[in-house]
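Notes for the one structure printed next.
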Amino acid sequence: MVREDKVIMSVKELRRLPVIYQVMEKKMTQVKAGGLLGLTDRQIRRISQRVREWGEKGIAHQGRGRPSNRAIDQRLKAQVIGLYKKQYADFGPTLAAEKLSERDRIPISDETLRLWLLEAGIDHFQRRKRPHRQWRERKSHRGELIQMDGSHHKWFEARGPKCVLMAYIDDATGRVFARFDAYEGTIPAMDSFKRYVKRNGLPLAVYADKHTTYKSPDEPTIEEQLEGKEPMSQFERSLSELGVEMIHAHSPQAKGRIERLFGTFQDRVIKEMRLAGIATM
């Protein structure tokens, strides 16, 4: 009896295939492909070689289904975190690692300890960088990044119902997609995003503000803190399952392109109303 091999791939891995094929056909450089997929050019070469040898199943992660070779004894990790909190809370990772080795006979590198402490939510030893703003260049390919937002404006004055303009702008091309909805929430966001994808394809990343639709206001649970994760909104979780990265802007200035787009739309509405002899507020 012939057994049929089954290969399980994630959405993220499936989306790598078109880019890898372009590399194999020499339509894209390995460096550019690595930038698009968040991989090094060396990783791109390895994946391309596996696809040449094994076909599409070569795109799947080779360690799937196997126990990790770097699996950590969780009891040891918990013991180290407990000792740090009790005896070395004022120490940085380097000095604490030395003391754990000398006094507690637990050999551990300072970098491993640093990562464990950060996962446990202990970060007082980190240097705090001053916030700064830097002009961000546009992406070079359509679909690499889109900015999205909802604009609460009297779009129809008293001549129509109150509504929100859900708008999308491609960072590379400036191509715009917009749709009116009754409010800015999870359902309108998912509906407008689905319509955008049907027309323009699935983007690699979405840039939005910290509205509760896009970023959960909940505090992380203890499990999430230990795993270094943040709570996710329904919209953010849906994007994650599609392999789309969600990026949150820290200020309106950070997503200036779509903010300027809304300003342009509003100016045009007011201009058209004046031309039509309708009073504006």
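We did not get these values from a lab; they are worked out from the coordinates using the rules stated. All of these numbers come straight from a predicted model, not from anything done at the bench. Because the Cβ atoms are built from the backbone with ideal geometry, glycine has one as well, and the counts that use them run over all protein chains shown.
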Any number yet on Rg/Rh for region 74-119, C-alpha, Kirkwood? 0.89
To make sure I understand, if each residue's beta carbon is the centre and we count other beta carbons within 10 Å, what order do 20, 187, 81 fall in, fewest to most? 187, 81, 20
I'd like to compare 84-93, 214-223, 235-244: which one has the highest average count of other Cβ atoms within 10 Å, and what's the full order after that? 235-244, 84-93, 214-223
Of the listed pairs 12/57; 194/215; 12/77; 198/229, those with alpha carbons more than 21 Å apart are 12/77; 198/229
Would you report the distance distribution of C-alpha pairs in region 11-59 as whole percents per 5 angstrom bin, up to the bin with the largest distance? 5, 26, 38, 26, 6
Distance between the C-alpha centers of region 134-173 and region 22-36? Whole Å please. 30
